[in-house]
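In what follows, a single structure is set out as structure tokens and then discussed.
The values are calculated or read from the model by the stated rules, or taken from the named source; none is laboratory data. All values derive from a computational prediction rather than experimental measurement. Here the Cβ positions follow ideal geometry from the backbone for every residue, glycine too, while neighbour counts run over all protein chains shown. Quick note on the areas: whole protein, heavy atoms, side chains included, nothing else; ligands and nucleic acids left out. Shrake-Rupley method; radii C 1.70, N 1.55, O 1.52, S 1.80 Å.
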Amino acid sequence: MKSKDMKFRLIISAAGLLITVICTILSVFTSIETTSVKIIGSFVSVVIVSAVTWKFPKRFFVLAILFDIFAAALGSVINLYKYIGFYDRFVHYLSGILLAEAGMIIISFIFEKSSIKKDIPVMLAFFFSSACAGFWEIYEFTADNILNINMQGSNLNTMGDIVSGVLGAVTYLILSVLCRRLCGTKKDSDKK
């Protein structure tokens, strides 16, 4: 890994930790309802996400850290899940974008040497992300029933989470296709 890339990733990881510190300070000195487990978990998640995604493409690394900040530091430590009604939907929407990017990385790796049309991997990334949204809700349903906790809340919440994740995947699909077409058109015109 190049020194410049490593420095960039260290800065992004440090920013994630700094935002978590700021959220922790806010929660301690205000009346925000949180727990020490949420605070510790938020710090641990920044470290784990940074370590796990360190060698992934830069765009995925940044998306993963941003998602972690929104889900853990802002969502759990500052407890925006409680204070902003649509916040859970927003985080699921972001997960749809992140998972579509993950699907794109996997599919691009598989089809790297293939001559298939470039929009096919984007479509497969959309389906990958949509499936992950469903699998996450199956996990929550299973945890609710086995551990007798209330992660899902209601069927309305479950379906809203799935729809939000799929909308994030749709956003990724549309932006990817537009970007490929615009960038592809520019490259074609550069060749002439």
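Just to be sure before I move on: is GLU112 at pLDDT below 85, over 17 Å from the mean Cα position of the chain (by Cα) and of a type outside the set (S, T, N, Q) in the structure I sent? Step through it out loud before you land on a result.
Values: at pLDDT below 85: yes; over 17 Å from the mean Cα position of the chain (by Cα): yes; of a type outside the set (S, T, N, Q): yes.
Considered against the rule, which asks whether it is at pLDDT below 85, over 17 Å from the mean Cα position of the chain (by Cα) and of a type outside the set (S, T, N, Q), GLU112 comes out as yes.
For the range 124-162, filtering for residues that are under 27 Å from ILE105 (Cβ atoms) and open to solvent by 80 Å² or more (accessible area, probe 1.4 Å) leaves 5. Only residues that are without any contact (Cβ under 8 Å) to a residue 40 or more places away in the chain and aliphatic (A, V, I, L, M): list them for the range 58-85, please. Answer for the range 58-85, where residues must be without any contact (Cβ under 8 Å) to a residue 40 or more places away in the chain and aliphatic (A, V, I, L, M): LEU63, ALA64, LEU66, ALA71, LEU80, ILE84. Per the conditions (1) open to solvent by 40 Å² or more (accessible area, probe 1.4 Å); (2) within 29 Å of MET159 (Cβ to Cβ); (3) without any contact (Cβ under 8 Å) to a residue 24 or more places away in the chain, the sole criterion not satisfied by VAL52 is (2). Candidates MET123, MET104: the one that is under 21 Å from ARG180 (Cα atoms), assigned to a helix (DSSP H, G or I) and in contact with a Pro (Cβ under 8 Å, 6 or more places away or on another chain) is MET104.
Among the residues of the range 71-112, those identified as open to solvent by 60 Å² or more (accessible area, probe 1.4 Å) and of a type outside the set (Asp, Glu) are TYR81, LYS82, TYR83, GLY85, PHE86, ARG89, PHE90, TYR93, ILE106, PHE109, ILE110, PHE111.
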